[in-house]
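Everything on this sheet refers to the single structure shown next.
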Amino acid sequence: MANFIVVINKGEVQHHEHRLRLTFTQRTTVVETTDTLFPMNIFDLRPYDQLINNVDVNETELFDVIGEIVNFSEVHTQNQGGISRKFMNIELEDDERKKLSATFWGEFVDEIIPHLLSANNQPIIVVMQLIKAHKYQDSCSMRNTWNA
């Protein structure tokens, strides 16, 4: 990468736990690497225990979750400021049978519905990337951001 800016990682949404972040400009260039020593792990998966127990859950941080959809609600609509947005609640389960609540928003609802309706008793496994935790009273649920 070339022609980027390094700034302190603070703000409303933190994409990563690192204290610094890279900001791209119009002059930033990125070239793909084939270096076998370069880490290619693109996921920041969180264990369900950490999220269920609200351990170090930061509502401004983005992270990833994987799980099987074991339950889902009907599609709802929320109107806010004259804008209508679709959402649906789901329940995810990990390989240890621990469960998390999550909410799908926006276009992702339209994309997931056909899979949910045609699953024919087959498991539907999802990887949610760039999601946020949402704390309410003593529970924590996940939600997609920017239709990611």
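The values are calculated or read from the model by the stated rules, or taken from the named source; none is laboratory data. This is a predicted model, so every value here is computed, not measured. Neighbour counts run over all protein chains shown; Cβ positions are idealised from the backbone, glycine included. Accessible surface areas use protein heavy atoms only, side chains included; no ligands, DNA or RNA. Shrake-Rupley method; radii C 1.70, N 1.55, O 1.52, S 1.80 Å.
Yes or no, residue by residue, for (1) in contact with a Leu (Cβ under 9 Å, 6 or more places away or on another chain); (2) of a type in the set (A, V, I, L, M):
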{"site": "63", "(1), (2)": "yes, no"}
{"site": "69", "(1), (2)": "yes, yes"}
{"site": "83", "(1), (2)": "no, yes"}
{"site": "93", "(1), (2)": "yes, no"}
{"site": "120", "(1), (2)": "no, no"}
{"site": "124", "(1), (2)": "yes, yes"}
{"site": "131", "(1), (2)": "yes, yes"}
{"site": "136", "(1), (2)": "no, no"}
{"site": "140", "(1), (2)": "yes, no"}
Subset of the range 82-124, residues of a type in the set (Asp, Glu) and touching a residue at least 24 places away in the same chain (Cβ under 8 Å), comes to 93, 94, 96, 107, 110
Counted residues in the range 24-83 being closer than 28 Å to residue 122 by Cα and aliphatic (A, V, I, L, M) come to 9
Note: among 101, 84, 141, 118, just one is under 15 Å from the mean Cα position of the chain (by Cα), open to solvent by 40 Å² or more (accessible area, probe 1.4 Å) and among the small types (Gly, Ala, Ser), namely 101
When every residue in the range 19-33 that is open to solvent by less than 100 Å² (accessible area, probe 1.4 Å) and at pLDDT below 85 is compared, the one nearest to residue 63 (Cα to Cα) is 21
Just one listed residue, out of 92, 62, 51, is modelled with pLDDT of 90 or more and surrounded by 13 or more Cβ atoms within 10 Å (Cβ to Cβ), and it is 92
By residue number, the members of the range 45-97 that are in a loop (DSSP other than H, G, I, E, B) and under 18 Å from residue 135 (Cβ atoms) are 46, 47, 53, 54, 55, 56, 57, 58, 59, 60, 62
When restricted to 57, 70, the only residue surrounded by 12 or more Cβ atoms within 10 Å (Cβ to Cβ), of a type outside the set (S, T, N, Q) and within 19 Å of residue 108 (Cβ to Cβ) is 70
Residue 36: passes all of (1) surrounded by 16 or more Cβ atoms within 10 Å (Cβ to Cβ); (2) in a loop (DSSP other than H, G, I, E, B); (3) free of Cβ contacts under 8 Å to residues at least 40 places away in the same chain but (1)
